[in-house]
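Structure first, then comments.
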Amino acid sequence: MQEKINFIQEGREIPTEVFSEFENAFENEDYYFSKGTIKSNFTGIIIENGKVLACFPKHFFGKEELNREYIEKIKGKYYIRLLLKVIIKSATKKSERSLGIAKDVFSSFPFKSFYRIYEYYKKFGLFSETIDNFKYGYSGKINWKKTIENSPLIVNEKSVMYLPMVIQKKENKDVFITKCMAFAIDSTIDLMKYIIKFDKTGIDYSNIDFSKKDIILKKLHKYSREVFKDKDKMLIKNLIIFFKNIDGGSQNLYIKANTFSLIWEEMVENYLNNYFIGMDSKGQYLKFSDTRLTPKLNFENRLFIPDASSENIYSLELDHYLNEDENVYIFDSKYYNEISKLDYKQVSYYYLTRGFDSHLGKNIYNALITPQSVNGRGSFKIHFRLKNEFNNENRDFVITEQYLNMKKVMKEYISS
């Protein structure tokens, strides 16, 4: 059966019938009212009772593209997978920014843990390990060393014995842990079967009642103390997180980012480091290479504290900063529908850092980097240029609005 998928876009109107259909899945921060319409305030994927809603980032589609018939015609599921890959990559990287993304996106479903479990499965296969289980008894293989060490010595008229004896039995942990892996992987893939292409394990886990989370978690905690390899410890840790955070009988999945601005910032940094080659001769727009740079640049998030007061509480956090031999680049990511007013923050970045020792004598370039839906990397406009009568320096102060195609930036991000 071909599942109907609803497509909307952050910052754009949510059709009344779509809002009604998914109203129970929305939280207050997921939408807002504007001029009598309901508009989306998140990016992500909702699956509820078999129904699918995909909300794409701002400027992913142009105005004329945002209808279901058109999107399905151009392989809408490919775009959903692209969005999902971007969210997963940005939320699973080891960075402070990614921690904020993960906390936002995976608050309702342990998708990050699922992804780590699936990574283990693709790299190492299903878990396999046997352990020696010891218990007191009178039948089976006797472990004499442990019996002598742990059992009291019994002396009678005819013999000397250690009782009770310690019986050694091989136990396969892989049966239980493998089935936990299979459930985590296969049940999630079943839930998302219309939008992801992951390989299922095909393992039969029907003899385990995974709705009894307390029993499952108790066993997993027990096994976590008995494995020694780091990769296996991490697997069981992710299984514990997964089972702690799922609703066993639910057919609902919510992967929502109310702060896609962080993901946009992450993707822009990646794009700059791989393709930025400088400013044009007039210093008005950014130039990009057609091929990836080798080596990459080192744009980074940079903190300045120009405040000389005793508290030192006022700081500047620059999204994308690069200081080279002759040039300093101060760029800021802007995840907006449109830029409609002067960005005073970017003005302050320039004036509060221009006297910094390592900036003296260098060209300082300022830009706001924002998404667009149309193709082309050369789209820009001058956001602000300081008039001569206000400028007592021999250099222009210009802030550029640089537009990057959202789809292209996302594709480059997941392929880098």
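Since every read-out is calculated from the coordinates, none of them should be taken as a lab result. Model, not experiment: these values are computed from the prediction. Neighbour counts are summed over all protein chains in view; Cβ atoms, including those assigned to glycine, are modelled from backbone coordinates with ideal geometry.
Below is a table of values for the structure above.
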quantity: P(r) tail fraction, segment 283-416 - alpha-carbon pairs more than 26 Å apart, %; calculated: 28
quantity: GNM flexibility winner over the chain from Tyr120, Tyr138, Tyr344 (Cα, springs under 10 Å); calculated: Tyr138
quantity: Computed E for Phe198/Glu317 - FRET, C-beta separation, R0 22 angstrom, nearest 0.05; calculated: 0.05
quantity: Highest-MSF residue in the chain out of Ala182, Ala91, Ala308 [GNM, Cα springs under 10 Å]; calculated: Ala308
quantity: Dipole of the chain, positive direction: furthest Cα of Gly283, Thr353, Ile255, with charges on the beta-carbon; calculated: Ile255
quantity: Theoretical gain in end-to-end length, Lys63 to Asn258 [0.36 nm per residue, Cα-Cα removed]; calculated: 68.0 nm
quantity: Peptide ranges 11-17, 273-279, 288-294 listed from the most packed, as the mean C-beta count within 10 angstrom indicates; calculated: 273-279, 11-17, 288-294
quantity: Within the chain: Cβ-based charge dipole about Cα centre, in debye rounded to nearest 20 (Lys, Arg +1; Asp, Glu -1); calculated: 1580
quantity: Rounded tilt (10° steps) of 344-353 against the dominant C-alpha axis of the chain; calculated: 90
quantity: Over 25 Å (Cα to Cα) - which of Lys197/Lys256; Lys85/Lys341; Lys94/Lys233; Lys341/Lys411 fall in this group; calculated: Lys85/Lys341; Lys341/Lys411
quantity: Selected from Phe228, Phe22, Phe397 as most flexible by GNM, with the chain as the system and alpha-carbon contacts under 10 Å; calculated: Phe228
quantity: Inter-site label distance for Ser95 and Lys145 at 7 Å from Cα along Cβ, in nm; calculated: 5.0
quantity: Full-stretch length increase - Asn363, Val175 - with 0.36 nm per residue and alpha-carbon distance subtracted; calculated: 61.3 nm
quantity: Crossing angle, helix 406-415 versus the chain [Cα axis fit, 0-90 degrees, rounded to tens]; calculated: 40
quantity: Partners for Lys345 among lysines (Cα-Cα distance below 19 Å; same-chain residues under 8 apart left out); calculated: Lys334, Lys381, Lys387
quantity: Separation of alpha-carbon centers, segment 313-377 and segment 220-280, rounded to whole Å; calculated: 30
quantity: Cleavage-rule hits, GluC sites (Glu not before Pro), segment 316-416, DSSP coil, Cβ neighbours within 10 Å at most 12; calculated: Glu324, Glu326, Glu338, Glu393
quantity: Rg [Å, one decimal], Dmax [Å, integer] - the chain, C-alpha atoms; calculated: 28.9, 115
quantity: With Cα atoms, 0 to 90° folded angle of helix 213-224 axis to the chain main axis; calculated: 80
